[in-house]
1. Exactly one condition in (1) open to solvent by less than 10 Å² (accessible area, probe 1.4 Å); (2) at pLDDT 95 or above; (3) of a type outside the set (A, V, I, L, M) is false for Lys414; which is it?
2. Looking at (1) open to solvent by 10 Å² or more (accessible area, probe 1.4 Å); (2) at pLDDT 70 or above, can you tell me which one Gly170 breaks?
3. Which pairs turn up if I take residues in the stretch 299-317 that are over 16 Å from Val336 (Cβ atoms) and open to solvent by less than 70 Å² (accessible area, probe 1.4 Å) and look for partners that are modelled with pLDDT under 55 and not aromatic (Phe, Trp, Tyr) with beta carbon separation below 8 Å, at least 6 apart in sequence or on another chain?
4. Report the residue count in the stretch 369-390 for those that are open to solvent by less than 10 Å² (accessible area, probe 1.4 Å) and closer than 24 Å to Val293 by Cβ.
5. Find all pairs meeting these conditions: Cβ atoms under 8 angstrom apart; at least six residues apart or on different chains; first residue within the stretch 148-166 and touching a residue at least 24 places away in the same chain (Cβ under 8 Å); second residue β-branched (Val, Ile, Thr).
6. Regarding Lys288, is this residue of a type in the set (D, E, K, R), surrounded by fewer than 22 Cβ atoms within 10 Å (Cβ to Cβ) and more than 26 Å from Tyr159 (Cα to Cα)?
7. For Ile276, work out the one condition from (1) open to solvent by 20 Å² or more (accessible area, probe 1.4 Å); (2) within 30 Å of Leu390 (Cβ to Cβ); (3) modelled with pLDDT of 90 or more it doesn't fulfil.
8. Residue check: is Lys366 in a strand (DSSP E or B), open to solvent by less than 70 Å² (accessible area, probe 1.4 Å) and among the charged types (D, E, K, R)?
Amino acid sequence: MSVVHRLRAGWLVDHLSFINQCGYEICDSLANPGGATLRPSVTSSEYHDASTFPATSSKDSPGLGDAVEETEGKTAKTRYVFREEFFDISKPHIAAAPEQQLLQGDPEVSLAEIKASSSAEEPQEGTKSGGEDSVAVARKQKRKRKCVFNQGELDALEYHTKIRKLIWEGTLHLVQEGLKSGFLHRATTELSCGKNIVPGHIDCGLAELCEMAKQFPAVNDSDHPAVHVLDDETSSPEQDLLSCVTENNSNCAKIVVLMGQKYLVPPKSSFLLSDISCLQPLLNYKKKYDVIVIDPPWENKSVKRSNRYSHLSSWQIKQIPVAALAAPDCLIVTWVTNRQKHLRFVKDELYPHWSVKTLAEWHWVKITRSGEFVLPLDSFHKKPYEVLILGRVQGSVKEAQRKSEDILPIPEHKLIVSIPCSLHSHKPPLTAVLAEFVKPDVECLELFARNLQPGWTSWGNEVLKFQHIDYFTVLQNEN
C-alpha cells in the first residue's frame, strides 16, 4: 500500500511504492521461442505496524544489461520499476539549526522569532575596505531592502505562524511511527553509497509537441473517434495520441512511442496529451468525474526566470470547464503554492466561480529518509510543505446521503507526509488518502498531470513526462 501509517494527523505515504504497485508489466504474447528472461533475484520483505507496506529497495535487482536466462514457449512479462535513486533524499536540501530540526526543536515559535530567523537568512554585508564599485553598492542596497518585508511576505509569515504547530506536531507523530516500523531510518548515509548517477530531467519535448499539434489539420468530431484504445502494437499515429483520449483497458502496461521516445502506460488508465486550448477531446470523452485533482502551473518569479514550463494566469485557470467535467458532489482538490495571493484566489474566486464549496486545507510535508524536513520549517524563501484546497461541487447530494453511503466528511486539516521525488513537481499520489471520502469505484480525473495512474484519466501538455521509460528500470521478467 502507498499509505505506510495512518494517524489522526494524517498519513505517511510511500510514493515510490505506489508507483511500483501500478502494474508496470509488459505482457509479451509474441515472445519468440528461446526468448530471454531476467533472473528474479529480488526479494521483498514487509514491516508490520499501524499498517503493512512492501519494501521498495531494489539495490540488488538486475539492470537493463544484466545476464538473462532462457525460456521457451511461454508468454513473458517484463516488469518495470521506477528508479529508486529519484527518491533517495537522505539529507535536507538546506541544513536546519538544531532548534529547527523536527526531533529536537520546539513547535511553539512566535511570529517575531520567525521574522528574526527570516532576516538572518539574508546575506550579511561584508567588511570590505576601500572604494567599491556601483554594482557592489547596489547589491548591498538590494540586500538591505530584502530585510524589509512587503505585504505579501507579511501575509505569508502570518499564515505560516498559524499552521506551524499543526505541521510540526503532526509530522513528528507520523515520523516517529515511520522510525518505529523501519520505513524511515535515522542513519541513512550508507543507503546513498554506490548509487548510479541518473539524469534528473529528460527533455522529451511534450509541450512543444502539443504546440505543433495546433498546426495539424482540423478534424471533424463527428468523423473522428473520441477514444483511441491501445492494442498490442507499440506505435500509434501521433495525431491519434494528440487528438483524442487514449485508453489502456488491458491488465498489462503498454508502451507508446512519441517522437522516438518510449513511455509506459499503466493498466486501466487513460490520458489526453494536449494544450489547454485543445480540451475539446476530453469533453468529447463524455465522462463525468467524482474526483478532480488540479495542479495548475501557477505564475511565480522562479517560473518566469526558468523556462521549465509555461504558467497560466488566474483568468486562464478560471476558464477550465470544471462544470462540464464534474459529476454531482464531485470532490475538487487543487494544489496551491505557498503564495497567499493564490490561496485567496482559489477560495474567494476560483471555487465560487466553479460552484465549489471550500471544505478543507491540507498540507503535503516533504521529509528525508531520516525523517527531517527537506528544508527548515521556518525558511523564508521556500517551505518544506505545499497546500491542497479541497471542496465539493454544490448540488443535490446532501450530507445525510453521504453518511448513509458510509462516506466520511472531509476533515478540515490533514497532513500527507512523504519522501519527495527529486524530479520537479512529481506530486505524491492521492488515491489512497482520498478513498475514505468518496464512493468506491469512482471516476477520477487529474488536470495538468505529469504522470498516469491506474483507474484515472489524466490530462496535460506533459501528461506522459514521468512515464518516460528512462525513469524506470527492468526489475525482472516473469512467465
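The values are calculated or read from the model by the stated rules, or taken from the named source; none is laboratory data. Remember, predicted model here, so these are calculated numbers, not experimental data. Cβ: placed from backbone, ideal geometry, glycine included. Neighbour counts: every protein chain shown. The accessibility values were calculated without ligands, DNA or RNA, using every heavy atom of the protein model including side chains. Shrake-Rupley method; radii C 1.70, N 1.55, O 1.52, S 1.80 Å.
1. Among (1) open to solvent by less than 10 Å² (accessible area, probe 1.4 Å); (2) at pLDDT 95 or above; (3) of a type outside the set (A, V, I, L, M), the lone unmet condition for Lys414 is (1).
2. (1)
3. Filtered contacts from the stretch 299-317: Tyr309/Val303.
4. Here the count works out to 7.
5. Note: pairs meeting the criteria are Leu157/Ile114; His160/Ile114; Thr161/Val109; Thr161/Ile114; Arg164/Val109; Arg164/Ile114.
6. Working: of a type in the set (D, E, K, R): yes; surrounded by fewer than 22 Cβ atoms within 10 Å (Cβ to Cβ): yes; more than 26 Å from Tyr159 (Cα to Cα): yes.
Taking the combined requirement at face value, the residue satisfies it.
7. The single condition Ile276 does not satisfy is (3).
8. Values: in a strand (DSSP E or B): yes; open to solvent by less than 70 Å² (accessible area, probe 1.4 Å): yes; among the charged types (D, E, K, R): yes.
Criteria met by Lys366.
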